[in-house]
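Throughout, read-outs are computed from the coordinates displayed, never taken from laboratory work. Quantities reported herein were computed from a predicted structural model and do not represent experimental measurements. Positions of Cβ are generated from backbone atoms using ideal geometry, with glycine treated the same way; all protein chains shown enter the neighbour counts.
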Amino acid sequence: MSIIVFTEDEETATAAMAAGATVAGGSDLIQQIQDGTQPVTFNRVIATPDVMPSLSKVARILGPRGLMPNAKLNTIQPSDKIIDAVKETAGVVQYRTENNGIIQAGIGKGSFDSDALLENIRAFMNEIQSIKPESFGKGKKKASMKNAKFYLKAHLTAAQGKGSTNINLATIDPTSPFFMDKPTA
């Protein structure tokens, strides 16, 4: 995962690079992105509040890719918390939920091998299982969460492909004895 940090403070930029950021800088980095000399190949963006007005120059480049820093996603942090933000962001998966309980998440890229994809699915499903809702089901009834089944269907799709592949729930449900079993031929 590549992370870029926008900050005007040189010490913060150096600390962010040491913490795992791929690129760090201020207005010079913004100018490079605007000119096209710095390719937009990073996955996450973190910024300090002082550089946010300058980022409006590249909002049309970062925005459509979902890379514009956002306070709701904790990607705008003060200088003293940038190091922690870089370390936390490195292992975070962003997902989107819909009103009727659908969860959409990117679990990998086409260049990933099968073991990397399986590890991402395993980590994602364990995280979803650990965040148990207070209520679920029709009418949002409170029920016994011990034996609750949170998954009804699972599909795997390409971001720009046609159709989807159904996934056997027993293989991705962390409460199942068949969780992440390799299929036998």
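Of note:
- Computed over the range 9-131, the alpha-carbon pair-distance distribution with 10 angstrom bins reads 11, 37, 34, 17, 1, each value a whole percent.
- Stretch gain in nm, segment ASP50-LEU73, where the contour uses 0.36 nm per residue and the Cα spacing is subtracted: 6.5 nm
- Take the Cα of LYS162, step 7 Å toward its Cβ, do the same at SER130, and the gap between the two points is 4.0 nm.
- Relative contact order (percent, whole number), the range 3-89, Cα cutoff 8 Å, 6+ residue spacing: 35
- Sites ASN100 and THR22 - FRET efficiency at Förster radius 35 Å, r taken between beta-carbons, to 0.05: 0.40
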